Amino acid sequence: MERITGFFRHFFTPNENNNYRAKALHHDYLSCYLVIALLLVFSFKKVNIHNVLGFATDISVNKLFELTNSERTKNNLPALTYNEKLSEAAYQKGQDMFRKNYWAHYAPDGKAPWDFILGSGYQYEYAGENLAKNFLFSRAVVDGWMNSASHKQNILRSDYTDVGFAVVNGVLNGEETTLVVQMFGKPLSNAVAQIKTETPPEEQTHGNAAGHPIINNQPMVLSQKETKPKINLFNLSVDMTYIFIFALLSVLLIDFYVASRMKIIRLGGKNLAHFIFLIFILAGISFIISRSGLIL
Amino acid sequence: MKHLLKTVTHEIKKNLLDYLILLTAGILFIVLLQFLSGSKILLFTAVLVFTSFYILWGIYHHAMTKTLRFKNVLEYVLIAFIILFLIEAILF
């Protein structure tokens, strides 16, 4: 027991045996942490090749679908049905954005969201689209949409009955990007379909008075088969980052506290400065995790 | 706890300008992140700039307090690089 206590004293508190600086803050230990961090980065990247997307995100169609319906349920709206055709349209839209290098509802060649929907074989009465890019978590994507009035309106629109998602990875403007495409729709009823056959395509019934589907600035999700890895390496790396920073903050605090109590004067790096730096880094990481992406 | 607060207050009072600069840089870093949403490269650049600033701050601070030693600078460099690698793992 004494040995264990001695080890912790040596590791966490400044005393005569560790030159009045917690051993955990010595250069050799800091170098070890650096090597461990490097090994983690490279091993994660190596293993991640066999992951679902190969990109550092934890966004899944299932989670997006679940969260979208959860928002609707909270607002006393019926849940949307997952539609494969809308997901295919969302996937095609995502691929089109990478192929033509754009980030917008309308392609540079004028192709509109409903072109993808109709192209997938989904005949709609109402349709809408939400886009998002470079988010890290499904929850952050849905929160981003819900914080935007127009996107929220899409998610909570009672006219929609179906939804499709696609999460697509690729290179946009020279940067590895994760796009999320969400497409909403209400299939054309038989009665409307009959009228439609007698009217020219440009006068077909759409979601609004202008005759166009409702387009929301929200992310889309690609329809793709999800093979969830047993261990989510992305979540693991985020958790380990938090654990490491909190551990370092704790050691700095304990070391600083004991040193101030013992009135030790040291010439090493300033614990207070490290502490301030790490607090801002923690705030930065929290921001990156929750709001790193954009919605359209 | 009283000792800790006393030491912190004393340290800040003694180097008020230095700590004000560090705090300002930290706030600017958070504000910058808000503007760079949507691009992982730009977000990482912001982290890189802040960590580089932190190392420079350490050198400046210890130079001003006449405690500049290689060991001190190494401490700032090691902590900054650990953070850089951890954030790199999250972003890419």
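Please treat every number below as a calculation from the coordinates, not as lab data. Since this is a predicted model, take the numbers as computed values, not measurements. Reconstructed Cβ throughout: ideal geometry from the backbone, glycine too, with neighbour counts over all protein chains shown.
Each principal axis of the Cα cloud of the protein assembly as shown was taken in turn, and the coordinate range along them, longest first, works out to 91, 44, 40 Å.
Nearest 20 debye, what's the magnitude of the dipole of the protein assembly as shown about its Cα centre given +1 on Lys and Arg Cβ and -1 on Asp and Glu Cβ? Could you put the intermediate results ahead of the total?
Numbers: 36 positive and 28 negative charges, 405 e Å.
Dipole magnitude for the protein assembly as shown comes out near 1940 debye.
Derived scalar couplings between HN and Hα for region A:117-131 equal 5, 5, x, 7, x, 8, 8, 10, 9, 10, 8, x, 9, 10, 10 Hz in order, rounded to whole Hz, by the Karplus curve 6.51 cos²θ - 1.76 cosθ + 1.60 (θ = phi - 60°), x for Gly and Pro.
With θ taken as phi - 60° and the Karplus curve 6.51 cos²θ - 1.76 cosθ + 1.60 applied, the whole-hertz 3J(HN,Hα) list for region A:59-76 is 10, 9, 4, 4, 5, 4, 4, 4, 5, 4, 5, 5, 5, 5, 4, 4, 9, 6 Hz, x standing for glycine and proline. Selection among A:S138, B:I41, A:L172 by position relative to the dipole of the protein assembly as shown gives B:I41 as farthest towards the positive end (Cβ unit charges, Cα centre). For chain B, the percent of C-alpha pairs falling in each 5 Å distance bin, counted from 0 to the bin holding the largest distance, reads 3, 13, 18, 19, 19, 14, 9, 5, 1.
Projected onto the charge dipole of chain B (+1 at Lys/Arg Cβ, -1 at Asp/Glu Cβ, origin at the Cα centre), which of B:G58, B:V8, B:I27 gives the Cα projection farthest towards the positive end? It is B:V8.
From the C-alpha coordinates alone, can you work out the Kirkwood hydrodynamic radius of region A:63-145, in Å?
Answer for region A:63-145: a Kirkwood hydrodynamic radius of 14.0 Å.
Just to be sure I follow the rule: in chain B, considering lysines 8 or more places apart or on different chains, how many pairs have Cα atoms under 23 Å apart? Could you put the intermediate results ahead of the total?
Numbers: B:K2/B:K13; B:K2/B:K14; B:K6/B:K14; B:K6/B:K66; B:K13/B:K66; B:K14/B:K66; B:K14/B:K71.
Lysine pair count for chain B: 7.
For A:D239, A:D28, the sequence from fewest to most other C-beta atoms within 10 Å is A:D28, A:D239. Take each residue in A:287-296, count the other chain C-beta atoms within 10 Å of its C-beta, and the mean is 4.
Can you give the average number of partner chain beta-carbon atoms within 10 Å of each beta-carbon in peptide A:254-262, as a whole number? The partial results should precede the final answer.
On the way: counts 0, 0, 5, 4, 2, 3, 10, 5, 1.
Mean partner-chain Cβ count within 10 Å for A:254-262: 3.
Placing pseudo-labels 7 Å out from each Cα toward the beta carbon at A:N19 and A:L77 gives an inter-label distance of 6.3 nm. Distance from the Cα centroid of region B:1-31 to that of region A:240-296 is 13 Å (rounded to whole angstrom).
Assign unit charges at the C-beta atoms only (+1 for Lys and Arg, -1 for Asp and Glu), then state the dipole size of chain B relative to its Cα centre in Debye, rounded to the nearest 20. Present the calculation step by step, with values, prior to reporting the outcome.
Values: 8 positive and 4 negative charges, 80 e Å.
For this selection, approximately 380 debye.
For the peptides B:31-44, A:155-168, the ranking by mean Cβ contacts within 10 Å, running from highest to lowest, is A:155-168, B:31-44. Each stretch of four or more DSSP H residues adds -39500 (n - 2.57); spread over every residue of chain B, this sum gives -30000 deg cm²/dmol at 222 nm. Between B:L17 and A:D143, the distance separating the two model label sites (each 7 Å from Cα on the Cα→Cβ line) works out to 4.0 nm.
Converting the Cα gyration tensor eigenvalues of region A:1-139 into ellipsoid dimensions via √(5λ) gives semi-axes, longest first, of 53, 20, 13 Å. Working note: Karplus 6.51/-1.76/1.60 with θ = phi - 60° gives region A:137-148 the couplings 10, 4, 4, 5, 5, 5, 4, x, 5, 5, 8, 10 Hz, where Gly and Pro are set to x.
Please state the charge dipole magnitude for region A:119-187, taken about the Cα centre, from unit charges on C-beta atoms (+1 on K and R, -1 on D and E), reported in debye and rounded to the nearest 20. Numbers along the way, then the final one.
Working: 5 positive and 7 negative charges, 32 e Å.
For this selection, approximately 160 debye.
If R0 equals 22 Å, the separation of the Cβ atoms of B:T9 and A:L249 corresponds to a calculated FRET efficiency of about 0.65. Projected label points at A:R3 and B:K66, each 7 Å from Cα along the beta carbon direction, are separated by 4.7 nanometres.
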